[in-house]
Amino acid sequence: MERIAALVGFATGGPFDTAVKVTGWGGFVQVFGDFSAGCHLAHAVYGYFLNGGSSCYVVRVGSEGAVRALDAAPEAQTVAAPDLARMRGAQEAIAAHCAATGRTALLDPPRGLPPARLGQWRAGLDDDRVRVCYPWISVLDPASGTGRSMPSSGHVAGVMARTGTLRPGAAVRGAISVEHVAGPAEQERLAAEGVICLGPLPGRGIRITNPPATPAPSRNDGEPRPAPGGRHGAGSPR
């Protein structure tokens, strides 16, 4: 069964703070517009479909109400937010939402953050429903034909849609290179901190290298449940 994702970020068009279900890349373009140099969302959705997703929910951020819009995405089991890597408050709101609903949050650190600082950065997001996607990846921008650096959460969400869970060696389609190559010991330490590492395997492209356990899918019954600790929370694509 496909693990459907909701992707949250900025787009050139479409309704604000509303969860819209799209099927295929063409469905996204029809509602939210094409690639944009200033937004990661379109590239993340493209990467999601490229990696095996067949449908997803998209929320174009317009206000703090964007997180509440996820309540109208009942099938979503994973939430990725590629444009919010430097918006700490928004990431905390998504983490709280996922803790309360049993979804999995796929969050990206700021670009260039060294692995030694990931644990400190993640501290305020310390919940068993949060997975950090690391590092940023380089992809070929279909609009310009040149390389583009971007967060990896949308691509990882597509891998999860394709495989149901993350396994070592799972291919990350569309990723050309990674910003930082972690060694085996570093991968093991990061996995223990809830970090999903991506890296090159000789002759096999960019892969999931040493993932932490994937949280069990939520029941998606529309009923929020208490978060751990008593906290509550608000191939080419078609």
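The values are calculated or read from the model by the stated rules, or taken from the named source; none is laboratory data. Note that the structure is a prediction, hence the values are computed from the model and not measured. Virtual Cβ from ideal backbone geometry, glycine too; neighbours counted across all protein chains shown. Heavy atoms of the whole protein, side chains included, go into the accessibility calculation; ligands, DNA and RNA do not. Shrake-Rupley method; radii C 1.70, N 1.55, O 1.52, S 1.80 Å.
Couple of notes before you dig in:
- When you count the other C-beta atoms within 10 angstrom of each residue and take the mean per peptide, 160-170, 70-80 line up highest first as 70-80, 160-170.
- Segment 1-87: C-alpha gyration tensor shape, a/c 1.5 cut-off, then a/b vs b/c: rounded
- Length gained when the stretch residue 63-residue 144 is fully extended (0.36 nm per residue, less Cα-Cα span): 26.2 nm
- The residues of the chain expose, per residue, 40 Å² of accessible area to a 1.4 Å probe.
- In the chain, the portion of solvent-accessible area held by carbon and sulfur atoms comes to 54 percent [1.4 Å probe, whole percent, DNA, RNA and ligands not counted].
- FRET efficiency, 1/(1 + (r/R0)^6) with R0 41 Å, evaluated for residue 188 and residue 34 via beta carbons: 0.55
- Multiplying the residue separation of residue 2 and residue 23 by 0.36 nm and subtracting their alpha-carbon distance yields 6.3 nm.
- Computed over Cα pairs, the Kirkwood radius of the chain leads via Stokes-Einstein (1.306 mPa s, 10 °C) to a diffusion coefficient of 92 µm² per second.
- When peptides 150-157, 86-93, 135-142 are ranked by their average number of other Cβ atoms within 10 Å per residue, the highest-first order is 150-157, 135-142, 86-93.
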